[in-house]
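**Q** Dumping the structure here so I can ask a few things about it.
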Amino acid sequence: MSSVHISSQNKIKINKIIDSAKERGSKILVYDALRILKLAGASVVDSFLALNSQEIIVFASQIEPPIVLKKIEYDKLPDSGIETYMDIKTAIEALDIALKDKELIEGTCFLIQEKAPKDLKLKVICDENELRLEDVKNGSQIILPPDLNIEKLISQKDTLKTFLSSSTNADNYDIKALGMLLLIISSIKMSFETIAKIEVTSFYLYREGLGYIITDAFIFLK
């Protein structure tokens, strides 16, 4: 049994997101993956999904610059289906980059995000067999059980400390926040049978007391 409680109301919302994706024929979630993580209690960068020119302008206007724009082509996910444009200063600039002198094509949408402060960039993958934490920069990793709970997490405390120390040469990164994120990811995987794998492909871990922020994620459905 997972040790992070997802409220029944939020479970209903998550199931609706998954059912809607399945109705559209989607098996890889991007924006919806961020929504699911947020509903489960994770800290996620502010994100909007724009499907047309008007939505690009509206959503980009709601984010304090610099703006991050990600072009998503669903038929190319997960390998080459996302192009990222950083440090956009205005909504008009975001629109110009998105359109490139032509209208949106079918199967393409745009993820508009605030820019997260950078620090230690990490990745988590959770499937039926393991929960794997990776340092994106140096490639080091640790393997945890996919059905992580508080007791199992405490037993791995020294391993996590060693991992962070070797990645940062510092001992003041927010290990409590990291542990909570790992529990949340495990809880999502264990709570929804239709989810095959969760990949938090990019999140930044900050110093003690400052937590973390997720910027990119995939959820793969069965």
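**Q** Choose one answer from Lys76, Lys197, Lys38: the residue with the largest mean-square fluctuation in a GNM of the chain with alpha-carbon springs under 10 Å.
**A** Lys76
**Q** Give the share of C-alpha pairs in each 10 angstrom bin for segment 1-98, from 0 to the last occupied bin, in whole percents, shortest bins first.
**A** 14, 37, 34, 13, 1
**Q** In µm²/s, what is D for segment 43-167 at 37 °C and 0.692 mPa s, where D = kT/(6 pi eta Rh) by Stokes-Einstein and Rh is the Kirkwood radius from Cα pairs?
**A** In µm²/s, the coefficient is 193.
**Q** Suppose every Lys and Arg Cβ carries +1 and every Asp and Glu Cβ carries -1, with no other charges. What dipole size does segment 56-201 come out with about its Cα centre, to the nearest 20 debye?
**A** 360 debye
**Q** While we're looking at this one, here's another question. Express the carbon and sulfur contribution to the solvent-accessible surface of segment 10-79 as a percent, rounded to the nearest whole number, probe 1.4 angstrom.
**A** 47 percent
**Q** Report the one residue of Ala116, Leu39, Pro65 whose Cα lies farthest in the direction of the positive end of the charge dipole of the chain (charges on C-beta: Lys and Arg +1, Asp and Glu -1; origin at the Cα centre).
**A** Leu39
**Q** What is the set of long-range amide H partners of Val44 at a cut-off below 5 Å, with H atoms built 1.01 Å from backbone N?
**A** Those lying under 5 Å, H to H, from Val44 are Ile214.
**Q** Quick one: how many Å² of Glu83 are accessible to a 1.4 Å probe, rounded to 10?
**A** 70 Å²
**Q** Rg over Rh of the chain, using C-alpha atoms and the Kirkwood radius, what does it come to?
**A** For the chain, the value is 0.98.
**Q** Could you grab the relative contact order for segment 104-222? Cα pairs under 8 Å, six or more apart, rounded to a whole percent.
**A** Normalised by residue count, the contact order of segment 104-222 is 29 percent.
**Q** Still on this structure, I have one more. Assuming R0 = 30 Å, can you tell me the calculated FRET efficiency for the pair Ser140 and Asp46, based on Cβ-Cβ distance, to the nearest 0.05?
**A** So, using R0 = 30 Å, E works out to roughly 0.50.
**Q** For Lys137, give me every one of the lysines with a C-alpha distance below 23 angstrom, ignoring sequence neighbours fewer than eight places off in its own chain.
**A** Answer for Lys137, where 23 Å is the Cα cut-off: Lys70, Lys115, Lys118, Lys121, Lys123, Lys157, Lys161, Lys176, Lys197, listed by chain and number.
**Q** Taking 45 Å as R0, compute the FRET efficiency from the Cβ-Cβ separation of Gln62 and Asp158 and round it to 0.05.
**A** That pair, Gln62 with Asp158, gives E of 0.55.
**Q** Relative contact order, percent, of the chain when contacts are C-alpha pairs under 8 Å separated by at least 6 residues?
**A** Result for the chain is 25 percent.
**Q** Right, next: What is the distance, in nm, between label points placed 7 Å from the Cα along the Cα-to-Cβ direction at Glu130 and at Tyr74?
**A** 3.2 nm
**Q** Pulled fully out, how much extra length does the chain show between Tyr85 and Gln9, if you take 0.36 nm times their separation in residues and subtract their Cα-Cα distance?
**A** Length gained, Tyr85 through Gln9: 23.8 nm.
**Q** List the trypsin sites (Lys or Arg not before Pro) within segment 81-152 that DSSP assigns to loop and that have no more than 11 neighbouring Cβ atoms inside 10 Å.
**A** Lys89, Lys100, Lys102, Lys118, Lys137
**Q** How far is helix 8-23 tilted, in degrees, relative to the longest principal axis of the Cα atoms in the chain, given as a value from 0 to 90 rounded to the nearest 10?
**A** In the chain, helix 8-23 runs at an angle near 50 degrees to the longest axis.
The values are calculated or read from the model by the stated rules, or taken from the named source; none is laboratory data. This one's a predicted model, so the numbers in the text were calculated from it and none came from an experiment. Cβ sites come from the backbone with ideal geometry, for glycine too, and all protein chains shown count toward neighbours. When the accessible area is computed, the model is the full protein with side chains, heavy atoms only, and any ligands, DNA or RNA have been set aside. Shrake-Rupley method; radii C 1.70, N 1.55, O 1.52, S 1.80 Å.
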